[in-house]
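The values are calculated or read from the model by the stated rules, or taken from the named source; none is laboratory data. A quick note: this is a predicted structure, and the numbers were derived from the prediction, not measured. With ideal geometry, Cβ positions are generated from the backbone for all residues, glycine too; neighbour counts draw on all protein chains shown. Please note that ligands, DNA and RNA were not included when accessible areas were found on the heavy atoms of the full protein model with its side chains. Shrake-Rupley method; radii C 1.70, N 1.55, O 1.52, S 1.80 Å.
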Amino acid sequence: MTTQTSRPPIILIAGHWLGAWAWDEVLDHLDTDHSRAIAMTLPGLDAADPERASRTLDDQAAAVLDVIAQLGVSKDQPATIVAHSGANAPVSLVLDRHPELVHRVVWVDSGPAAAGSVFAPDLPEGVTELPLPPFDVLAQQASLEGLSAAALERFRARAVPEPGPVLRQPVDVTDDARRRVPTTLVCCSIPSAQVLELARAGHPMFADVAHLEHLDVIDLPTGHWPMWSRPRELAEVIQSAASRTV
(Lines give C-alpha, C1' and ligand atoms only; values in the text may rest on other atoms or scores of the structure.)
Protein backbone atom coordinates (compact mmCIF):
# COMPACT_ATOMS: atom_id res chain seq x y z
CA MET A 1 0.00 0.00 0.00
CA THR A 2 1.58 3.28 -1.05
CA THR A 3 -1.33 5.76 -0.92
CA GLN A 4 -0.05 9.09 0.37
CA THR A 5 -1.65 11.16 3.11
CA SER A 6 -0.79 14.40 4.91
CA ARG A 7 -0.71 12.51 8.18
CA PRO A 8 1.36 9.48 9.11
CA PRO A 9 -0.28 6.06 9.16
CA ILE A 10 -1.27 4.69 12.55
CA ILE A 11 -0.63 1.09 13.64
CA LEU A 12 -2.55 -0.10 16.71
CA ILE A 13 -1.13 -3.05 18.65
CA ALA A 14 -2.83 -4.53 21.71
CA GLY A 15 -1.20 -6.33 24.61
CA HIS A 16 -1.25 -9.88 25.89
CA TRP A 17 -4.07 -12.21 24.85
CA LEU A 18 -5.46 -9.70 22.38
CA GLY A 19 -5.67 -9.33 18.62
CA ALA A 20 -6.64 -6.55 16.22
CA TRP A 21 -10.27 -6.92 17.31
CA ALA A 22 -9.46 -5.20 20.62
CA TRP A 23 -9.27 -1.83 18.81
CA ASP A 24 -12.63 -1.98 17.01
CA GLU A 25 -14.28 0.71 19.15
CA VAL A 26 -11.26 3.01 18.95
CA LEU A 27 -11.13 2.70 15.17
CA ASP A 28 -14.80 3.67 15.04
CA HIS A 29 -13.92 6.98 16.69
CA LEU A 30 -10.75 7.84 14.77
CA ASP A 31 -11.04 10.67 12.26
CA THR A 32 -11.72 9.50 8.71
CA ASP A 33 -8.57 11.33 7.60
CA HIS A 34 -6.80 8.39 9.20
CA SER A 35 -7.99 5.92 6.58
CA ARG A 36 -4.62 4.19 6.92
CA ALA A 37 -5.09 3.54 10.61
CA ILE A 38 -5.04 -0.19 11.11
CA ALA A 39 -4.98 -2.62 13.99
CA MET A 40 -2.81 -5.72 13.78
CA THR A 41 -2.63 -9.07 15.51
CA LEU A 42 0.85 -10.06 16.64
CA PRO A 43 2.23 -13.52 15.80
CA GLY A 44 1.27 -15.93 18.53
CA LEU A 45 -2.11 -14.29 19.10
CA ASP A 46 -3.92 -15.60 16.04
CA ALA A 47 -6.03 -18.53 17.21
CA ALA A 48 -5.94 -20.01 13.72
CA ASP A 49 -2.12 -20.26 13.65
CA PRO A 50 -1.13 -23.87 14.46
CA GLU A 51 2.42 -22.73 15.34
CA ARG A 52 1.36 -19.79 17.48
CA ALA A 53 2.71 -21.17 20.78
CA SER A 54 6.25 -21.14 19.38
CA ARG A 55 6.25 -17.51 18.22
CA THR A 56 8.88 -15.17 19.69
CA LEU A 57 9.39 -11.46 20.30
CA ASP A 58 11.56 -11.41 17.18
CA ASP A 59 8.66 -12.84 15.17
CA GLN A 60 6.39 -10.15 16.55
CA ALA A 61 8.82 -7.32 15.81
CA ALA A 62 9.29 -8.65 12.26
CA ALA A 63 5.52 -8.69 11.77
CA VAL A 64 5.24 -5.04 12.83
CA LEU A 65 7.99 -4.14 10.36
CA ASP A 66 6.14 -6.08 7.65
CA VAL A 67 3.02 -3.99 8.27
CA ILE A 68 5.14 -0.83 8.18
CA ALA A 69 6.49 -1.92 4.79
CA GLN A 70 2.99 -2.71 3.49
CA LEU A 71 1.89 0.81 4.40
CA GLY A 72 4.68 2.31 2.34
CA VAL A 73 6.29 3.84 5.41
CA SER A 74 9.69 5.50 5.00
CA LYS A 75 11.84 7.93 6.95
CA ASP A 76 10.06 10.70 5.01
CA GLN A 77 6.61 9.29 5.82
CA PRO A 78 7.02 7.49 9.16
CA ALA A 79 4.30 5.72 11.11
CA THR A 80 2.72 6.38 14.47
CA ILE A 81 2.72 3.18 16.52
CA VAL A 82 0.25 2.74 19.37
CA ALA A 83 1.32 0.01 21.79
CA HIS A 84 -0.86 -1.19 24.64
CA SER A 85 0.45 -3.06 27.68
CA GLY A 86 2.57 -6.10 26.75
CA ALA A 87 2.93 -4.95 23.15
CA ASN A 88 5.71 -2.78 24.56
CA ALA A 89 8.34 -5.52 24.15
CA PRO A 90 8.04 -6.10 20.37
CA VAL A 91 7.49 -2.39 19.74
CA SER A 92 10.63 -1.58 21.74
CA LEU A 93 12.51 -3.92 19.39
CA VAL A 94 11.05 -2.09 16.38
CA LEU A 95 12.13 1.29 17.81
CA ASP A 96 15.62 -0.10 18.41
CA ARG A 97 16.00 -1.56 14.93
CA HIS A 98 14.32 1.14 12.82
CA PRO A 99 13.72 4.35 14.81
CA GLU A 100 13.68 6.34 11.57
CA LEU A 101 10.42 4.66 10.53
CA VAL A 102 8.48 5.82 13.60
CA HIS A 103 6.95 9.31 13.68
CA ARG A 104 5.77 8.87 17.28
CA VAL A 105 5.13 6.01 19.66
CA VAL A 106 2.08 6.12 21.92
CA TRP A 107 2.33 3.84 24.95
CA VAL A 108 -1.14 3.02 26.32
CA ASP A 109 -0.85 2.18 30.03
CA SER A 110 2.61 0.93 29.18
CA GLY A 111 6.08 2.19 28.37
CA PRO A 112 9.34 1.29 26.66
CA ALA A 113 10.90 -2.01 27.69
CA ALA A 114 14.37 -1.71 29.21
CA ALA A 115 17.31 -3.66 27.82
CA GLY A 116 17.38 -7.20 29.15
CA SER A 117 13.91 -7.06 30.67
CA VAL A 118 11.83 -10.24 30.64
CA PHE A 119 8.09 -10.28 31.23
CA ALA A 120 7.96 -13.64 33.03
CA PRO A 121 11.51 -14.73 33.87
CA ASP A 122 10.29 -17.46 36.23
CA LEU A 123 7.92 -19.08 33.75
CA PRO A 124 9.02 -22.74 33.53
CA GLU A 125 10.37 -23.93 30.19
CA GLY A 126 7.68 -26.61 30.13
CA VAL A 127 4.93 -23.98 29.99
CA THR A 128 4.20 -23.47 26.30
CA GLU A 129 1.56 -20.77 26.70
CA LEU A 130 -0.16 -18.64 29.32
CA PRO A 131 -3.95 -18.39 29.09
CA LEU A 132 -5.96 -15.43 30.32
CA PRO A 133 -6.26 -15.96 34.08
CA PRO A 134 -9.53 -15.76 36.02
CA PHE A 135 -10.63 -12.15 36.35
CA ASP A 136 -10.24 -12.12 40.14
CA VAL A 137 -6.58 -13.08 39.63
CA LEU A 138 -6.10 -10.66 36.74
CA ALA A 139 -7.56 -7.82 38.81
CA GLN A 140 -4.68 -8.24 41.26
CA GLN A 141 -2.24 -7.52 38.42
CA ALA A 142 -4.07 -4.87 36.37
CA SER A 143 -7.10 -2.67 36.94
CA LEU A 144 -10.40 -3.78 35.38
CA GLU A 145 -12.00 -0.43 36.16
CA GLY A 146 -14.58 0.71 33.63
CA LEU A 147 -15.11 -2.65 31.94
CA SER A 148 -18.71 -3.70 31.49
CA ALA A 149 -19.93 -7.26 31.90
CA ALA A 150 -20.22 -7.44 28.11
CA ALA A 151 -16.61 -6.29 27.65
CA LEU A 152 -15.37 -8.88 30.13
CA GLU A 153 -17.41 -11.60 28.42
CA ARG A 154 -15.92 -10.63 25.04
CA PHE A 155 -12.43 -10.55 26.54
CA ARG A 156 -12.86 -14.07 27.92
CA ALA A 157 -14.38 -15.44 24.72
CA ARG A 158 -11.78 -14.00 22.33
CA ALA A 159 -8.58 -14.09 24.39
CA VAL A 160 -5.76 -16.22 22.97
CA PRO A 161 -3.08 -17.69 25.29
CA GLU A 162 0.20 -15.80 25.24
CA PRO A 163 3.12 -17.81 23.77
CA GLY A 164 5.69 -18.94 26.33
CA PRO A 165 8.70 -17.83 24.25
CA VAL A 166 7.34 -14.26 24.12
CA LEU A 167 7.07 -14.16 27.90
CA ARG A 168 10.55 -15.61 28.52
CA GLN A 169 12.62 -13.80 25.86
CA PRO A 170 14.80 -10.90 27.05
CA VAL A 171 14.33 -7.59 25.26
CA ASP A 172 17.52 -6.97 23.26
CA VAL A 173 17.83 -3.22 22.62
CA THR A 174 21.09 -1.33 22.15
CA ASP A 175 20.50 1.74 19.93
CA ASP A 176 19.99 4.94 21.94
CA ALA A 177 18.25 6.43 18.89
CA ARG A 178 15.10 4.65 20.08
CA ARG A 179 14.98 7.16 22.95
CA ARG A 180 14.87 10.08 20.52
CA VAL A 181 11.61 8.95 18.90
CA PRO A 182 8.86 11.36 20.05
CA THR A 183 6.79 9.62 22.70
CA THR A 184 3.37 9.97 24.30
CA LEU A 185 2.63 8.14 27.54
CA VAL A 186 -1.09 7.59 28.10
CA CYS A 187 -1.41 6.90 31.82
CA CYS A 188 -4.59 5.08 32.79
CA SER A 189 -4.39 2.74 35.77
CA ILE A 190 -1.36 4.54 37.24
CA PRO A 191 -1.40 8.38 37.33
CA SER A 192 1.31 10.14 35.37
CA ALA A 193 2.82 11.74 38.48
CA GLN A 194 3.39 8.30 39.95
CA VAL A 195 4.75 6.92 36.66
CA LEU A 196 7.29 9.73 36.43
CA GLU A 197 8.26 9.28 40.06
CA LEU A 198 8.83 5.56 39.46
CA ALA A 199 10.87 6.38 36.35
CA ARG A 200 13.12 8.76 38.28
CA ALA A 201 13.55 6.10 40.97
CA GLY A 202 14.67 3.57 38.36
CA HIS A 203 11.74 1.20 38.76
CA PRO A 204 12.31 -1.65 36.24
CA MET A 205 8.90 -1.19 34.63
CA PHE A 206 9.47 2.50 33.86
CA ALA A 207 13.25 2.95 34.00
CA ASP A 208 13.61 3.78 30.31
CA VAL A 209 11.00 6.56 30.54
CA ALA A 210 13.60 8.69 32.33
CA HIS A 211 15.82 8.56 29.23
CA LEU A 212 13.22 9.64 26.65
CA GLU A 213 14.19 12.90 24.93
CA HIS A 214 10.77 14.03 23.59
CA LEU A 215 8.02 13.02 26.01
CA ASP A 216 4.37 14.02 26.37
CA VAL A 217 2.39 12.61 29.27
CA ILE A 218 -1.40 12.38 29.28
CA ASP A 219 -3.68 11.14 32.04
CA LEU A 220 -6.71 9.14 30.95
CA PRO A 221 -8.00 7.79 34.27
CA THR A 222 -9.56 4.35 33.87
CA GLY A 223 -8.49 0.72 34.02
CA HIS A 224 -5.79 -1.07 32.07
CA TRP A 225 -7.95 -1.59 28.97
CA PRO A 226 -9.01 1.95 27.95
CA MET A 227 -9.82 0.83 24.40
CA TRP A 228 -12.98 -0.67 25.94
CA SER A 229 -13.63 1.58 28.93
CA ARG A 230 -12.95 4.97 27.25
CA PRO A 231 -12.60 4.32 23.49
CA ARG A 232 -13.71 7.76 22.30
CA GLU A 233 -11.31 9.60 24.58
CA LEU A 234 -8.46 7.24 23.71
CA ALA A 235 -9.11 7.80 20.00
CA GLU A 236 -8.91 11.55 20.58
CA VAL A 237 -5.59 11.16 22.37
CA ILE A 238 -4.20 9.00 19.56
CA GLN A 239 -5.48 11.45 16.94
CA SER A 240 -3.78 14.35 18.67
CA ALA A 241 -0.52 12.48 19.19
CA ALA A 242 -0.35 11.32 15.57
CA SER A 243 -0.86 14.90 14.38
CA ARG A 244 2.02 16.34 16.40
CA THR A 245 5.18 17.30 14.54
CA VAL A 246 7.52 16.83 17.53
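Details
- Amide hydrogen neighbours beyond the local backbone of residue 145, cut-off 5 Å, H modeled: 223, 224
- Whole-angstrom gap from segment 175-246 to segment 74-146, using each part's C-alpha centre: 13 Å
- Over the residues of the chain, the helix contribution to mean residue ellipticity at 222 nm works out to -8500 deg cm²/dmol, using -39500 (n - 2.57) for each DSSP H run of at least 4.
- Taking a point 7 Å from the Cα of residue 138 along the Cα-to-Cβ direction, the residues of segment 215-246 with backbone N closer than 16 Å to it are 223-230.
- Cα shape, the chain, gyration tensor, a/c 1.5 rule: rounded
- Secondary structure note: in the chain, about 10% of the DSSP beta bridges are antiparallel.
- Hydrodynamic estimate: the Kirkwood radius of segment 149-246 over Cα pairs, inserted into Stokes-Einstein at 37 °C and 0.692 mPa s, corresponds to D of 207 µm²/s.
- Alpha-carbon spread of segment 20-72, three principal axes, descending order, Å: 37, 24, 15
- Using θ = phi - 60° and Karplus 6.51 cos²θ - 1.76 cosθ + 1.60, couplings along segment 169-178 (whole Hz; Gly, Pro as x): 7, x, 7, 9, 10, 9, 8, 5, 4, 4
- Each Lys and Arg Cβ is given +1 and each Asp and Glu Cβ -1; about its Cα centre, the chain then shows a dipole of about 320 debye.
- Three-way shape call for segment 97-183 based on the alpha-carbon gyration tensor, with the a/c threshold at 1.5: oblate
- Carbon plus sulfur fraction of accessible area for the chain, probe 1.4 Å, in percent: 51 percent
- Taking 0.36 nm per residue of separation and subtracting the current Cα-Cα distance, fully stretching the chain between residue 51 and residue 157 would add 36.1 nm.
- Considering only 246, 144, 186, the residue lying farthest towards the positive end of the dipole of segment 104-246 is 246, judged by Cα position with unit charges set on Cβ.
- Between residue 184 and 105, 106, 107, 216, the built amide H atoms are under 5 Å apart, and every one of these is 5 or more places off in sequence or on another chain.
- Within-11-Å neighbourhood charge of residue 98 [Cβ basis; K, R +1; D, E -1]: 0
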